[in-house]
Structure formats: C-alpha cells, structure tokens
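Single-structure report; data block below.
The values are calculated or read from the model by the stated rules, or taken from the named source; none is laboratory data. Because the structure is predicted, anything quoted here is derived from the model rather than measured. Don't worry about glycine lacking a Cβ; one is built from the backbone with ideal geometry, like all the others, and counts go over all protein chains shown.
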C-alpha cells in the first residue's frame, strides 16, 4: 500500500491547533456535562483508553451523532442479515449518538467514543480494535485518523458522504492536510452529484468518488411504530397537534410565537416540542411557561393530559415514534443558520413538513420533497407563524402534502442496495 504524506506546513499547523484546542475541548465536554452528565461518562475513551475488549477484526463504523447513526441503520441491518457473525464497532462523538447506536440492539456490537484526532491516540485506537474495514458516515474527515488507518492497511470508505460549500471552504483553509486525507478512502459514496463534485474539488481522487444516493431515504418505517404512534395520537384530547423537531436556541421564540397564533384560533391545540440538544430541554420548558402555557414533559408523564398545551420530548431516541399522526412537522436547524436536520423522517410517516431557509445539510432531500409538494420552505420566523396557521386551517392541503411525501420517499429509495454492494466485498464471505 502506497504511503500518504501530508504537506509538512499544513500538518504542523493542524497539530498545533489540536494542541492549543485540547484544553478547551476538555473544558467544553465538562461544561456540557453540567446539563448532560453523559458527557462525563466514558471520558477516557476520548483518549483511547477502552474497557471494552478488542474483539476479533470488527467492521468499524464511525457515526458522529444521532443523525449519522440513523443514516447508518439500514445499512447495518442489511449487512447483519448477510453477515450474521460479523463483529461491529460503532464510534460516536456525542452521548446522543452513543445512545442511538446502543438502541440498535445489534448482536456482537461494541459502541465507544472516537478518540481525539491526535496521532498517538489514533494509533492506540487502531491497535486496540484492529478493524477489518472502516466506514465513515457523511462528513467526518479526520486527517490523523485517516492516515493511521491507511498505514495500518485498513480499507476505508466514506458512505452516505456529503459536503457543503461552507465545509469545502473551511477545509481549504488548512491547505494540503485535508486534501491529502481525502486521497486515502478507497471509495467515497456520495449522496448527490453536487456532493461528489465538492469532494473532488476538496482533493478526493475522481476515480474513488461515486454517487450512490442518500441512505436516509431507505430508512424503513416500522409498521408497529407507525400503528402505535397513530393510536397514541388518536387518544389525545387536543386538536390540531403539530410538532417542532430538533430546534435550536434561536428558533425557540419563533416556535412559541407560532404556537401562540395557533392557540388563538384553536384553544385545544397541542405543540409537541423536541429541542435538538438535551441541555435545551429545561430552557424550552421555562420559555413556554414564561408565556403562560401549560407545559408537560415526556420524562415525567408518558402522555400529555387534556390540559397540556406544550408537550416537551425531553427524552432521547423517541422523536420518530411521536411523528405519526402529526398534523405538520417543523424541522429545526433551518431558521437558525445550522444547515437543517433530517426532513425524511417526518416525510416517511406521511407528515407535511415545514423548514426555514437554512437547509444546506439536506439540500437534495428538501428540494425533492418540495418539488413533490410535501414540503414548504419559509423565509423567516414571521413566515413560519403564517404557514403553520395556514396549513392547520387547510386539512385538504395537508392530506395532499402527506401523500406527496410518502410517495416521494418510496420513489427515492435504492441507495441501500447500491451502497451494500460496494461495501460487502471488504467483509469477506457471508456466513
């Protein structure tokens, strides 16, 4: 295997930045642990100190957080069917991702945190687990980890790969270290042609880059989850019921303003609200209470009572199960300049979808659903208020949007089989 050398100046700059940032990263983890104690747990794993046994040549999959784990899920389930004895190693960077990975309940599967991207830590990680192959999900590009994987002779592929224009500009600032890192993957399986073009511009080998589609289109809707969600919704006294999913701090006021407008027309309405990060759960509850709203929390009671006006989903891993039966779903990270979150989960259960203007992370999905007629994109918070009330007042339009979304998701499936066909040869013979 040919060696890959990083340009010395950019390599030294990258190493220096890590040395300078390391204390701040540790302090940030500890600060986040004040609101979410899970950040304190397993801290040693971020320094490649693992209590978990090494196992026998696992397939290593890196999925940074909950969204990447959900994207990876259909592929892992398919590989588990073809390779039932295949040991799996899933690395994450957030407690939400770790929780989601453990919730997959896959046999012979170890879940740990990925170490920080320092050379000695990446070598220790690989020496401990000795993976047979590596799958990196979406936009996780870690130069030292990639080089260590290459030197260890571990085949590395990027799956469901995406890269935004903003990320492309950021990687270019580091000069050659990221360009060299992107020459290492044996394959970069992209969500779209635009992503493929940007990866080549960022330094990837053109022959290694291909378009396989977005695995998130292939996430199957569990029939029992769907039926259970619809039964749950039917038992609630409130109507209409809408959801604000994966919201960020700057979006909270807009969500509450929209719900105030809804309540003015429908006093028995309910907002099901799921802030993106657990540290915002208490803040969301407090903000709603400050507005004089009756707030209840999922962690304290299983279902909203008839008096509830806001039901905060302050638990992990349950958002999708509450989506069936929603009259509409606003997907956050899109009014605030985050880049958006997964619009396919509500679309797959037949919910009309609203998003704000910032959707670069899911541009292709947003475009497809919008063209199909199941998604509306609003310009700002005021437009969100207007569209939420307008859609809730128009059941026929919501029904058309729901049907359009279900059909669009069904029509765009196929990335799973293409991706599996590229990955399987790295794993040997199916048992």
Residue list for segment 352-366, restricted to those being farther than 19 Å from residue 138 by Cα and under 19 Å from the mean Cα position of the chain (by Cα):
353, 354, 355, 356, 357
Quick one: in segment 52-78, of everything that is more than 19 Å from residue 122 (Cβ to Cβ) and surrounded by fewer than 16 Cβ atoms within 10 Å (Cβ to Cβ), which residue is nearest to the chain's Cα centre (by Cα)?
77
In segment 201-232, the residues that are surrounded by 16 or more Cβ atoms within 10 Å (Cβ to Cβ), modelled with pLDDT of 95 or more and in a helix (DSSP H, G or I)
208
If I filter segment 295-303 for residues that are in contact (Cβ under 8 Å) with a residue 40 or more places away in the chain and either touching a helix residue (DSSP H, G or I) at 6+ places or on another chain (Cβ under 9 Å) or not in a loop (DSSP other than H, G, I, E, B) (or both), do I get at least one hit?
yes
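Could you say which residue among 367, 372 is under 29 Å from residue 162 (Cβ atoms), out of contact with any strand residue (DSSP E or B) (no Cβ under 6 Å at 6 or more places or on another chain) and surrounded by fewer than 16 Cβ atoms within 10 Å (Cβ to Cβ)?
Going through 367, 372 in turn, the sole match is 367.
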Can you name every residue in segment 349-366 that is at pLDDT 95 or above and either outside any loop (DSSP other than H, G, I, E, B) or outside the structural domain of residue 254 (by TED's automatic domain parsing) (or both)?
353, 354, 355, 366
Restricting to segment 94-118, give me the number of residues that are crowded, with 21+ Cβ neighbours inside 10 Å, more than 16 Å from the chain's Cα centre (by Cα) and over 25 Å from residue 17 (Cβ atoms).
1
Hits in segment 299-333 (condition: within 23 Å of the chain's Cα centre (by Cα), buried (at least 24 other Cβ atoms within 10 Å of the Cβ) and either over 19 Å from residue 345 (Cα atoms) or not assigned by TED's automatic domain parsing to the domain that holds residue 241 (or both))
311
In segment 26-42, what residues are assigned to a helix (DSSP H, G or I) and either exposed (fewer than 12 other Cβ atoms within 10 Å of the Cβ) or free of Cβ contacts under 8 Å to residues at least 24 places away in the same chain (or both)?
26, 27, 28, 29, 30, 31, 33, 34, 37
Top-ranked residue in segment 256-294 [being closer than 21 Å to residue 338 by Cβ and in a loop (DSSP other than H, G, I, E, B); ranked as modelled with the lowest pLDDT]:
277
